[in-house]
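The values are calculated or read from the model by the stated rules, or taken from the named source; none is laboratory data. All figures in this text were calculated on a predicted structure; none of them were measured in a lab. Note: ideal-geometry Cβ built from the backbone for every residue, glycine included; neighbour counts use all protein chains shown. These area figures cover heavy atoms from the full protein model, side chains too; ligands, DNA and RNA do not enter into them. Shrake-Rupley method; radii C 1.70, N 1.55, O 1.52, S 1.80 Å.
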Amino acid sequence: MTIREILKMGDPRLLRIAQPVEVFDTPELHALIGDMFETMHSVNGAGLAAPQIGVGLQLVIFGFRQNQRYPDAPPVPETVLINPTLTPLGDAEEEDWEGCLSVPGLRGVVPRFARIRYVGFDAEGVVIDREAEGFHARVVQHECDHLIGKLYPMRVRDFSRFGYTSVLFPELDPADDD
Ligand code: ZN
């Protein structure tokens with residue numbers, strides 16, 4: 001497995017619409033997913049989308065037991081989600097702080113649907129069909145946004161709640177300042 005370079009905001013590859021994965025359970029797909037987990041874990045990420053390493057496929061990973069970048073977040077099951085479809089369950093929104101490995105050093109308050117259903121496939125092509133709420137729902141919405149070329153700053157409505165992680169959250173380890 002290899003730690004891959006994470007593209008940063010401004011790179012046009014982060015703005016593309018990702019293409020569906022058409023063949024599952026291949027060595028290439030498993031190798032890509034292995035690289036993504038190694039890359040995500042190397043920077044204590046909560047999730048990572050394939051476009052963030054320059055791969056324009058509808059593939060995201062997320063999940064953790066305890067996350068240093070979001071110490072108050074409850075556990076989220078470690079998941080490989082391919083060709084996802086998201087459906088809001090109700091109109092209710094929640095606001096909370098988000099960061100992004102492609103937008104290092106910054107955090108902003110982003111409104112997200114409070115409850116969602118997400119459907120997709122795992123690496124073997126087995127259907128995943130879940131309902132999620134809270135931080136779990138937030139992570140899935142954030143990661144799936146990467147598949148349609150959206151970065152969280154594009155979702156920020158109130159830029160008075162957008163700033164440097166080191167200023168907003170000085171208690172966080174600067175090594176996780178991304
Ligand atoms: Zn992100």
Would a scan of region 76-86 turn up a residue that is assigned to a loop (DSSP other than H, G, I, E, B), of a type in the set (A, V, I, L, M) and either surrounded by fewer than 22 Cβ atoms within 10 Å (Cβ to Cβ) or touching a residue at least 60 places away in the same chain (Cβ under 8 Å) (or both)? no
Number of the condition not met by Pro51 [criteria: (1) in a helix (DSSP H, G or I); (2) out of contact with any His (no Cβ under 7 Å at 6 or more places or on another chain)]: (2)
Extreme residue, least open to solvent (accessible area, probe 1.4 Å), among residues of region 168-178 that are outside any helix (DSSP H, G or I) and farther than 30 Å from Ile82 by Cα: Leu172
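I'd like the residue in region 148-167 that is touching a Gly at 6+ places or on another chain (Cβ under 9 Å) and in a helix (DSSP H, G or I) and, out of all such residues, is most open to solvent (accessible area, probe 1.4 Å).
So the first thing to find is which residues in region 148-167 are touching a Gly at 6+ places or on another chain (Cβ under 9 Å), and the list is 152-153, 155-156, 158-159, 161-166.
From what's left, in a helix (DSSP H, G or I): 152-153, 155, 159, 161, 165-166.
Working: Tyr152: 4, Pro153: 22, Arg155: 81, Phe159: 121, Arg161: 82, Thr165: 2, Ser166: 70 Å².
It comes out as Phe159.
Of all residues being within 30 Å of Pro71 (Cα to Cα) and among the aliphatic types (A, V, I, L, M) in region 18-48, which is farthest from the ligand (Cβ to nearest atom)? Just the residue, please. I'd like the intermediate steps shown before the answer.
Residues of region 18-48 within 30 Å of Pro71 (Cα to Cα): 30-48.
Still in the list and also among the aliphatic types (A, V, I, L, M): 31-33, 36, 40, 43, 46, 48.
On the way: Ala31: 22, Leu32: 17, Ile33: 17, Met36: 13, Met40: 11, Val43: 11, Ala46: 9, Leu48: 8 Å.
So the residue we want is Ala31.
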Residue satisfying all of: in region 90-138; assigned to a loop (DSSP other than H, G, I, E, B) and more than 25 Å from Gly34 (Cα to Cα); most open to solvent (accessible area, probe 1.4 Å) among these: Asp91
Checking the condition over 25 Å from Leu168 (Cβ atoms), small (Gly, Ala, Ser) and touching a helix residue (DSSP H, G or I) at 6+ places or on another chain (Cβ under 8 Å), which residue from Ala46, Ala73, Ala50, Ala114 passes? Ala50
